[in-house]
Amino acid sequence: MKKAKITLDDLARMTAKGFENIDKRFDTVDKRFGKTDSRIDNIEQKMERGFSNVNARLDMIERDVRDIRAKLSINISHEEYLEIDERLTIIEEKMKIKY
């Protein structure tokens, strides 16, 4: 089998052609990454809006819970509770309410 002689010019042309193909592939990859970056940015913006809405709703719920707790914080002593319970029991008996 006879070996072909490759000159430096032939080798330089082959190398240049190989790099051209690699450059084209990198261009394609760069375009795909650009699209991916754009999609990720879109998702990030949607998530930020969504979390902002959730945070606003949680703030409202926290205010409501605080208001409810304030309204329910009736402080009565144990003795007062027992007296009220006894009075309620008498009322239930007179009204014939079974509980």
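Every number here is computed from the coordinates shown, using simple stated rules; none is lab data. Being a predicted model, the structure only gives us computed values, none of them experimental. Positions of Cβ are backbone-derived with ideal geometry, glycine not excepted, and every protein chain shown enters the neighbour counts.
Inverting the mean 1/r over all pairs of different Cα atoms, compute the Kirkwood radius of the chain and quote it in Å. Working shown, then result.
Details: mean 1/r = 0.0440 Å⁻¹.
Hydrodynamic radius (Kirkwood, Cα pairs) of the chain is 22.7 Å.
Using only the alpha-carbon atoms of the stretch 17-67, report the extent along each of the three principal axes, biggest first, to the nearest angstrom.
75, 10, 5
How many angstrom lie between the Cα centre of the stretch 69-87 and the Cα centre of the stretch 1-50?
The two parts, judged by their Cα centres, are 77 Å apart.
According to a simple spin-label model (label point 7 Å from Cα along Cα-to-Cβ), what is the distance in nm between Leu88 and Arg39?
6.1 nm
Give the total of Lys-Lys pairs in the chain with Cα-Cα distances below 28 Å; include a pair only if its members are 8 or more places apart or on different chains.
Values: Lys2/Lys17; Lys3/Lys17; Lys5/Lys17; Lys17/Lys31; Lys17/Lys35; Lys24/Lys35; Lys31/Lys46; Lys35/Lys46.
So the count works out to 8.
For the stretch 83-94, just list the computed ³J(HN,Hα) in residue order, Karplus coefficients 6.51, -1.76 and 1.60, θ = phi - 60°, integers in Hz, with x standing in for Gly and Pro.
Result, rounded to whole Hz: 5, 5, 4, 5, 5, 5, 4, 4, 4, 4, 5, 5.
Suppose R0 equals 41 Å. What FRET efficiency, 1/(1 + (r/R0)^6) with r the Cβ-Cβ distance, do Arg57 and Ile97 give to the nearest 0.05? The partial results should precede the final answer.
Values: r = 41 Å, r/R0 = 1.00.
Plugging the Cβ-Cβ distance into 1/(1 + (r/R0)^6) gives 0.50.
Give, as a single signed number, the net charge of other residues whose beta carbon lies under 12 Å from the beta carbon of Arg25, with Lys and Arg counted +1 and Asp and Glu -1.
Neighbourhood net charge equals -1.
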